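The values are calculated or read from the model by the stated rules, or taken from the named source; none is laboratory data. In this text the structure is predicted, and so the values were computed from the model without any measurement. Reconstructed Cβ throughout: ideal geometry from the backbone, glycine too, with neighbour counts over all protein chains shown. Note: accessible area is taken over every heavy atom of the protein model, side chains too, but ligands, DNA and RNA are not part of it. Shrake-Rupley method; radii C 1.70, N 1.55, O 1.52, S 1.80 Å.
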Amino acid sequence: IVTASFDKTARIWDAATGKQILLIGGHTDVVESAAFSPDGGRVVTASDDKTARLWDAATGKQIVLFGGHTDLVDSAAFSPDGKRIVTASLDKSARIWDAATGRQITMLGGHTDTVVSAAFSPDGRRVVTASVDKTARIWDAATGRQIVLLGGHSGGVLSAAFSPEGRRVVTASFDKTARIWDAATGKQTVLLSGHADTVTSAAFSPDGGRIVTASLDKTARIWDAASGNQILLLSGHLDQVNSAAFAPDGGRVVTASDDRTARIWQAHAPALEIQISWTRAAQSDPLTSTERFQFGLLALGGSRTQQNRALFSHGKDADQGEPNALARLGRQNDGAALAAKIRSMRDAFLLKALGYYTAAAERAQQEGWPDDAWKNWRYRRASLARILAADDMMGQVADTYDRVKMKYARQTSTTLGRLRRWLGIL
């Protein structure tokens, strides 16, 4: 198993025992994705440091650096023959690279917002991309020409993948659904509906008969790819599930979650086999979970009155016992600039911040913060779409940010730059 982490590393694990085999380090920012080459001898990673990198899976030595994107790189994947890499980025493009030399071969340009994922077709002749612009698109891998547009989701599309035979595509979206499409015509054929929150990833089983999805609702689910009926619910993670994939034999599923674990499940019975976990000490994550969800609350639902007063007065950094994380915001930029940036890539920002709303409500309740604080956070979590749709939402962001910055300027010990880089908003 290979995993990617906010601690700037990727790690390889023994799938039978759950023990760590190798740590891959070298990126200078969050590692967003990691994938093995078809022969298992290499690993490709994508990072917020705007690069993708190729590594020797036995030694952890960096082989090739793919540099050229102008913003965060969200995903990287091999072609079926292992000779090319496709990357997806916040710069609204996907790019195809020579895996041996690092040379850019083709740029896939046409999406109007962040490209979250990209993957080759089984024959390597096409690429499918998923974007926050609510579409997935299929491209000619040789020419970069767009072939088919898959449009129908009502929210940003977070992942897209071909079926094993290459005739279908499955997508996952902010609209809480996954959908199956005809790769030749772009027609939707099956709707997978049942998750209670954003569906973060979707993938076919090796035989193409099933789909596994991951969601912010803390579950993964297995579906019949022909009928769209749910077969299994994989429940046990304590936080949002970011990705899920079948084993090569289709008998098991691996999931990765914000609860800092990856888990392996039987694909035919909802029994957890192995849990792979890593501690905060091992991660050396530069930000605590409290800092993350508190800033997400401020930026995405900032009330000018009661909720923020409760947050400012009672919020504690549970990991380090430090004063309220919001009191440590830096003096850089102003609220209007921050609001404008969030507006320009709202869905991408949401993916980074959404998962911490639930954590905020739970932590506040556990630590005895005022009832109005945790109840309001829970309410915001459930009605985020309504809040984001409000005409004055960005005005609230700008106003709240500016007032907080002024109020706590003298107490600041950590710059806002740290938070901005982690959240990927600037």
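In the list Leu158, Leu108, Leu149, which residue meets the criterion of being surrounded by fewer than 19 Cβ atoms within 10 Å (Cβ to Cβ) and in a strand (DSSP E or B)?
After ruling out the rest, the residue left standing is Leu149.
With open to solvent by 20 Å² or more (accessible area, probe 1.4 Å), within 22 Å of Arg260 (Cα to Cα) and among the polar types (S, T, N, Q) as the only criterion, which of Thr3, Thr17, Thr9, Thr45 stands out?
Answer to the selection: Thr17.
I need every pair where a residue in the stretch 151-163 that is closer than 13 Å to Thr200 by Cα has its Cβ under 8 Å from the Cβ of a residue that is surrounded by fewer than 23 Cβ atoms within 10 Å (Cβ to Cβ) and β-branched (Val, Ile, Thr), sequence separation at least 6 or different chains.
Note: pairs meeting the criteria are Val157/Thr135.
Please verify whether Arg304 is surrounded by fewer than 20 Cβ atoms within 10 Å (Cβ to Cβ), out of contact with any Leu (no Cβ under 9 Å at 6 or more places or on another chain), at pLDDT 90 or above and on the phi < 0 side of the Ramachandran plot, treating the condition exactly as stated.
no
Filter the stretch 20-42 for residues that are of a type in the set (Ser, Thr, Tyr) and not in a strand (DSSP E or B); which is least open to solvent (accessible area, probe 1.4 Å)?
Checking each candidate, the answer is Ser37.
Checking Phe204 against (1) open to solvent by less than 30 Å² (accessible area, probe 1.4 Å); (2) more than 17 Å from Ser131 (Cα to Cα); (3) at pLDDT below 95, which single condition isn't satisfied?
(3)
Can you pull out every residue in the stretch 58-92 that is open to solvent by less than 20 Å² (accessible area, probe 1.4 Å), assigned to a loop (DSSP other than H, G, I, E, B) and closer than 24 Å to Ile21 by Cα?
Listed by number, the residues that qualify are Gly60, Gly82.
Does Asp133 satisfy being open to solvent by 10 Å² or more (accessible area, probe 1.4 Å), closer than 27 Å to Asp182 by Cβ, of a type in the set (Asp, Glu) and not in a loop (DSSP other than H, G, I, E, B)?
When the stated conditions are applied, Asp133 does not pass them.
Under 7 Å by Cβ, and 6 or more places apart or on different chains, what pairs join a residue from the stretch 166-178 that is within 16 Å of Leu149 (Cα to Cα) and charged (D, E, K, R) with one that is open to solvent by less than 30 Å² (accessible area, probe 1.4 Å) and outside any strand (DSSP E or B)?
Arg167/Ala183; Arg168/Ala183
Determine, yes or no, whether Thr189 is open to solvent by 30 Å² or more (accessible area, probe 1.4 Å), among the hydroxyl-bearing types (Ser, Thr, Tyr), modelled with pLDDT of 95 or more and in contact with a strand residue (DSSP E or B) (Cβ under 7 Å, 6 or more places away or on another chain).
Here the answer is yes, as Thr189 does meet what is asked.
Quick one: is Arg95 assigned to a strand (DSSP E or B), closer than 16 Å to Ala76 by Cβ and in contact with a strand residue (DSSP E or B) (Cβ under 6 Å, 6 or more places away or on another chain)?
Yes; evaluated as a whole, the condition is true for this residue.
Could you check, for the stretch 122-134, whether at least one of its residues is farther than 21 Å from Arg168 by Cα and modelled with pLDDT of 95 or more?
no
For the subset of the stretch 48-57 comprising residues that are within 25 Å of Thr200 (Cα to Cα) and open to solvent by 20 Å² or more (accessible area, probe 1.4 Å), which member is modelled with the highest pLDDT?
Applying the filter and picking the extreme gives Arg53.
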